[in-house]
Amino acid sequence: MFVTTTGEAPGTNRYEVTGDNGKIVIEDGKLTFWRLRVPEPQFNREWKGGFGAPECWKCEIPVSKSDGSQHKVITQNFVDHILKGTPLLAPGEEGIKGLTLSNAMHLSAWTDNWVDLPIDEDLYYEKLQERIQNSTHKKETKELQHMDVSGTH
């Protein structure tokens, strides 16, 4: 399951990856690794009981706390890159990787099939255009008179 939004309140910031040998969860400034003693596919092949689960260890991984200033740090780094040649922490070309992954997730859902990377850009464009043409959403726009963003970053 993949959910991402900037329009929810109070909001959730959780990253979870599940694999054959366990899962990793990053949430509330903590990284937790659940390590399976036996890989899940092997356990399910060999388990002869009813509902079962492989032995699992919960490992808390120490991480440094964030002060929440990520946007300020990235913006300052961008300015320092321009003025002083400081290496970028988040080069623009890295952003295409996240977009590619997001587009692959959409294409997989739209075709109800696996998607290889790099994605078939022509097929993605075709499926996107189908959704645009079949959309019944009517966007309501309003002109903003003034937006005070002080204290938001």
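Criterion first (in a helix (DSSP H, G or I) and among the polar types (S, T, N, Q)) does Thr100 satisfy it?
Here the answer is yes, as Thr100 does meet what is asked.
If you go through segment 67-104 one residue at a time, how many are within 16 Å of the chain's Cα centre (by Cα) and open to solvent by 70 Å² or more (accessible area, probe 1.4 Å)?
Going through segment 67-104 one residue at a time, the tally reaches 5.
Whether any residue in segment 25-40 is modelled with pLDDT of 90 or more, open to solvent by 100 Å² or more (accessible area, probe 1.4 Å) and either within 20 Å of Ser102 (Cα to Cα) or over 24 Å from the mean Cα position of the chain (by Cα) (or both) is what I want to check.
yes
Six or more apart or on different chains, Cβ under 9 Å: which pairs go from a residue in segment 122-142 that's surrounded by 11 or more Cβ atoms within 10 Å (Cβ to Cβ) to one that's of a type in the set (Gly, Ala, Ser)? Could you list them?
What qualifies is Tyr124/Ala104.
Determine whether Asp112 is among the acidic types (Asp, Glu) and under 27 Å from Ile132 (Cα atoms).
Yes.
Taking Asp112 as the residue in question, decide whether it is open to solvent by 100 Å² or more (accessible area, probe 1.4 Å), over 30 Å from Leu123 (Cβ atoms) and either modelled with pLDDT of 95 or more or within 18 Å of the chain's Cα centre (by Cα) (or both).
Taking the combined requirement at face value, the residue does not satisfy it.
Please list, ordered by first then second residue, the pairs with beta carbon atoms under 7 Å, 6 or more apart or interchain, first in segment 33-49 and among the charged types (D, E, K, R), second in a loop (DSSP other than H, G, I, E, B) and exposed (fewer than 13 other Cβ atoms within 10 Å of the Cβ).
Pairs found: Arg37/Glu55; Glu40/Asp20.
Any chance segment 129-138 includes a residue that's basic (Lys, Arg) and in a helix (DSSP H, G or I)?
Within segment 129-138 (the criterion being basic (Lys, Arg) and in a helix (DSSP H, G or I)), the answer is yes, since at least one residue qualifies.
From Asp67, Asp80, which residue is among the charged types (D, E, K, R), farther than 30 Å from Asn21 by Cα, free of Cβ contacts under 8 Å to residues at least 12 places away in the same chain and touching a Ser or Thr at 6+ places or on another chain (Cβ under 6 Å)?
Asp80
Inside segment 1-76, counting only strands (runs of 3 or more DSSP E) that do not spill past its ends, which hold 3 or more residues that are closer than 26 Å to Ala109 by Cβ?
Correct list: 14-19, 22-27.
The values are calculated or read from the model by the stated rules, or taken from the named source; none is laboratory data. Keep in mind that what you see is a predicted model, and the values were worked out from it rather than measured. In this analysis, Cβ positions are derived from the backbone assuming ideal geometry, glycine residues included, and neighbour counts consider all displayed protein chains. Please note that ligands, DNA and RNA were not included when accessible areas were found on the heavy atoms of the full protein model with its side chains. Shrake-Rupley method; radii C 1.70, N 1.55, O 1.52, S 1.80 Å.
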